[in-house]
1. Could you work out the local net charge near Val106, counting Lys and Arg as +1, Asp and Glu as -1, over the other residues with Cβ closer than 12 Å to its Cβ?
2. Take the residue pairs Lys126/Lys157; Lys96/Lys124; Lys58/Lys94; Lys96/Lys177; Lys93/Lys139 and return only those whose Cα atoms are more than 27 Å apart.
3. Shape call for the stretch 97-140 from the C-alpha gyration tensor, a ≥ b ≥ c root eigenvalues: rounded (a/c under 1.5), prolate (a/b greater than b/c) or oblate?
4. Among Phe131, Gly180, Val142, which residue has its Cα positioned farthest towards the positive end of the charge dipole of the stretch 107-189, with +1 placed on the Cβ of Lys and Arg, -1 on the Cβ of Asp and Glu, and the dipole taken about the Cα centre?
5. How long is the gain from Leu160 to Phe143 if the chain were fully straight, where each residue apart is worth 0.36 nm and the alpha carbon distance is subtracted?
6. Apply the Debye scattering formula to the stretch 107-189, with a single equal point scatterer on each alpha-carbon and no solvent, then give log10 I(q)/I(0) at q = 0.16, 0.25 Å⁻¹.
7. Please give the net charge around Val142, taking every other residue with its beta carbon less than 14 angstrom from that of Val142, where Lys and Arg add +1 and Asp and Glu add -1.
8. Taking θ as phi - 60°, what are the ³J(HN,Hα) couplings along the stretch 48-54 by the Karplus curve (6.51, -1.76, 1.60), each to the nearest whole Hz, with x for Gly and Pro?
Amino acid sequence: MGAKQNYDNSRRPENDRASQKKKDDGVCINEAITAPRVRLVGDNIPQPGIYTVSAAMKLADELQLDLVEISAKADPPVCKIMDYQKYLYQQKKKAKEMKANAAKVVIKEIRFGPNTDEHDFQFKLKHAQEFLSEGAKVKAYVFFRGRSILFSDQGEKLLLRFAVELEEYGRAEQMPKLEGKRMIMMIAPLKKK
């Protein structure tokens, strides 16, 4: 019994609180592990294999580390002896890196009027080619003011011509569709090989 008190007093306070219950992320550590036997893995274990929970806890105590349940669904559950705070830090760091490496979709908008002349069309086409080359999506739309909505077929022809001109750089995700006073078409960049 004296060894148990010594064990509790030698622990860091944050680890002692953590050991009493299941963590928020669903990982059981130390006394929260309920399985009678566990499979120990890791570099700091003299003989990896199946241990009773009390033997695994004793080994973790000798190394002044935590017994962390890695895979609860395995039979017996897989545990590792490690510094739990360091483990949490590494998990957060990995999640942050994955989030940073995730592709961010950038959408650039190009606006036309129903009666856009040739020079403006070519100017906007050149910009769209640059945007698609950089990997951004292009949202092309024709904005109708007042009675110009009567020329919706002209707007549709303009957007279809725009998509055909950009075939080398991107592909249309949808046909032009009218949403209120706008006729919209999305163009996604082609995948680079």
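What follows draws every value from the coordinates through simple rules; no lab data is involved. In this text, all values refer to a predicted model and were calculated from it rather than measured experimentally. Using ideal geometry, Cβ is built from the backbone for each residue, glycine included, and neighbour counts are taken over all protein chains shown.
1. Details: positive: Lys104, Lys108, Lys137, Lys139; negative: Glu109, Glu134.
Computed value for this residue: +2.
2. Numbers: Lys126/Lys157 19 Å; Lys96/Lys124 37 Å; Lys58/Lys94 30 Å; Lys96/Lys177 38 Å; Lys93/Lys139 35 Å.
Among Lys126/Lys157; Lys96/Lys124; Lys58/Lys94; Lys96/Lys177; Lys93/Lys139, the Cα-Cα distance tops 27 Å for Lys96/Lys124; Lys58/Lys94; Lys96/Lys177; Lys93/Lys139.
3. On the way: a/c = 7.07, a/b = 2.88, b/c = 2.45.
Prolate, since a/c reaches 1.5 and a/b exceeds b/c.
4. Selected residue: Gly180.
5. Working: separation 17, 0.36 × 17 = 6.12 nm, distance 1.51 nm.
Difference between extended and current length: 4.6 nm.
6. Debye curve over Cα of the stretch 107-189, log10 I(q)/I(0) at q = 0.16, 0.25 Å⁻¹: -0.52, -1.22.
7. Details: positive: Arg111, Lys124, Lys139, Arg145, Lys157, Arg161, Lys177, Lys181, Arg182; negative: Glu109, Asp117, Asp120, Asp153, Glu156, Glu179.
Neighbour charge sum, excluding Val142 itself: +3.
8. Per-residue couplings from phi come out as x, x, 9, 10, 6, 4, 5 Hz.
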